[in-house]
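Data first, discussion second: the structure below is written as structure tokens.
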Amino acid sequence: MSNLITVTCAPCCWGVDDISNPNLPSWTKVLDEAAAAGFGGLELGPYGYMPLNVSIMSEALRERRLAIVAGTIFDDLVSPSNRDNLLRQTGEICALITALPRPTTHQGQRFPAPFLTVMDWGHDERDYAAGHSDRAPRLAEAEWSGMMNNINAIAKLARDEFRVRATIHPHAGGYIEFDDELARLVHDLDPDLAGLCLDTGHLAYAGMDPAATLRKYWKRLDYVHFKDIDPVVFEEVMGERIRFFEACAKGVMCPIGRGNIDYVAVRRLLTETGYGGYITIEQERDPQNGGSILDDLASSRAFLKSVGF
């Protein structure tokens, strides 16, 4: 018998990725609709989107019977000069999520939620090369070491002061995206310090097979994100010079089950390996294209249920 998996969602399903975007929905609307869609949990979203006030967030979550399963660092992990900013975010996010109502810990879950999901972002030269391993510049040794030092500092602060497990998330348009970079990350990352959050959509966008990659890095996998890719839109955007979130605005991420990711194989793999805990649905979009959000979430959940989630 497989372990219990709880499917949750994230604010990016409402187009919340860049908090400077003037078209974002209110955070209370996201909570209202996540609860209305039947989710028991969701992610906090990018730093600065939801209030960092414990009493405000605790009341809002309790009213809706929701829990926060992960906080997010989505920032420049490469620059040494960004260390103080990264650690400030880490401290504030972890202080909040550990004071909120706690998600249930399931059998098969290696570390208790909430997690701190850590992603590199903010480099034009990589953003325009998202999905294109052959033309994406790689970090030199010194730059990679600087990024790993930042990641280690984030993970150590989260673990030692807050008992929060940091999970590193390869992300399209960042400096940890492609197969060689994921392998390099795993080689250099202390498993006692941090694990992986692998995202089926970002793996596929970067040219990897999601089920095979989940299997390959199973021993380092603590948390999983699900999304799906529309193959027609994907082929179109791969022929353009386009930023990753511009591709998302065109609909490259579709409801789960309507794209080209083999979720039967993913379900089989997670059953075989005994994964238990949380899987978060993400369907990045333009926040101005919000009319289908609840229908898309319902479609994704119905499909996942049909294949055993």
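The values are calculated or read from the model by the stated rules, or taken from the named source; none is laboratory data. Everything quoted here is computed from the prediction, not taken from an experiment. As a convention, Cβ positions derive from the backbone with ideal geometry for all residues, glycine included, and neighbour counts pool all protein chains shown. To get the accessible areas, we keep the full protein, side chains included, count just its heavy atoms, and leave off ligands, DNA and RNA. Shrake-Rupley method; radii C 1.70, N 1.55, O 1.52, S 1.80 Å.
Under the condition of being under 24 Å from Cys197 (Cα atoms) and charged (D, E, K, R), the residues counted in segment 24-70 number 1. Taking the condition touching a strand residue (DSSP E or B) at 6+ places or on another chain (Cβ under 7 Å), among the β-branched types (Val, Ile, Thr), part of a strand (DSSP E or B) and open to solvent by less than 10 Å² (accessible area, probe 1.4 Å), does Thr90 pass? Judged against the criteria, Thr90 is not a match.
Here Ala99 does not fit the description of being open to solvent by 20 Å² or more (accessible area, probe 1.4 Å), in a helix (DSSP H, G or I) and at pLDDT 95 or above. Residues that are closer than 19 Å to Gly207 by Cβ and not small (Gly, Ala, Ser) within segment 251-281 comprise Val252, Met253, Cys254, Asn260, Ile261, Asp262, Tyr263, Val266, Leu269, listed in sequence order. The residues of segment 1-44 that are under 22 Å from Met253 (Cα atoms), at pLDDT 95 or above, among the β-branched types (Val, Ile, Thr) and not in a strand (DSSP E or B), listed by number, are Val16, Val30.
Considering segment 161-260, the qualifying strands (runs of 3 or more DSSP E), each wholly inside and each with 2 or more residues that are in contact with a His (Cβ under 8 Å, 6 or more places away or on another chain), run over 194-199.
This table checks each residue for (1) assigned to a loop (DSSP other than H, G, I, E, B); (2) in contact (Cβ under 8 Å) with a residue 24 or more places away in the chain.
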site	(1), (2)
Glu59	no, no
Thr72	no, yes
Ser81	no, no
Gly131	yes, yes
Pro137	yes, no
Asn152	no, yes
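Could you tell me whether Arg110 is closer than 18 Å to Asp199 by Cα and open to solvent by 60 Å² or more (accessible area, probe 1.4 Å)? So Arg110 fits the description; yes. Please work out if Asn260 is among the polar types (S, T, N, Q), touching an Asp or Glu at 6+ places or on another chain (Cβ under 9 Å) and open to solvent by 10 Å² or more (accessible area, probe 1.4 Å). So Asn260 fits the description; yes.
Restricting attention to segment 257-275, does a residue exist that is at pLDDT 95 or above and touching a Leu at 6+ places or on another chain (Cβ under 6 Å)? Among the residues of segment 257-275, at least one is at pLDDT 95 or above and touching a Leu at 6+ places or on another chain (Cβ under 6 Å), which makes the answer yes.
Looking across segment 263-309 at every residue that is of a type in the set (Ser, Thr, Tyr) and assigned to a helix (DSSP H, G or I), the one that is most open to solvent (accessible area, probe 1.4 Å) is identified as Ser306. Among residues that are more than 28 Å from Ala166 (Cβ to Cβ), in contact with a Lys or Arg (Cβ under 9 Å, 6 or more places away or on another chain) and surrounded by fewer than 19 Cβ atoms within 10 Å (Cβ to Cβ), Asp230 is included. Do you know which of the residues in segment 141-199 that are open to solvent by less than 20 Å² (accessible area, probe 1.4 Å) and among the hydroxyl-bearing types (Ser, Thr, Tyr) is nearest to Phe111 (Cα to Cα)? By that ranking, first place goes to Thr167.
Of all residues in segment 19-36, which are closer than 21 Å to Leu297 by Cα, in contact (Cβ under 8 Å) with a residue 40 or more places away in the chain and open to solvent by 30 Å² or more (accessible area, probe 1.4 Å)? Listed by number, the residues that qualify are Asn23, Leu24, Glu33, Ala36.
Among the residues of segment 55-78, just one is of a type in the set (A, V, I, L, M, F, W, C), open to solvent by 30 Å² or more (accessible area, probe 1.4 Å) and closer than 20 Å to Arg159 by Cα, namely Phe74. Kindly indicate whether any position in segment 87-106 is in contact (Cβ under 8 Å) with a residue 12 or more places away in the chain, of a type in the set (Ser, Thr, Tyr) and in contact with a Leu (Cβ under 9 Å, 6 or more places away or on another chain). Taking every residue of segment 87-106 in turn, at least one turns out to be in contact (Cβ under 8 Å) with a residue 12 or more places away in the chain, of a type in the set (Ser, Thr, Tyr) and in contact with a Leu (Cβ under 9 Å, 6 or more places away or on another chain).
Every condition in (1) open to solvent by 50 Å² or more (accessible area, probe 1.4 Å); (2) assigned to a helix (DSSP H, G or I) is met by Tyr47 except one, and the failing one is (2).
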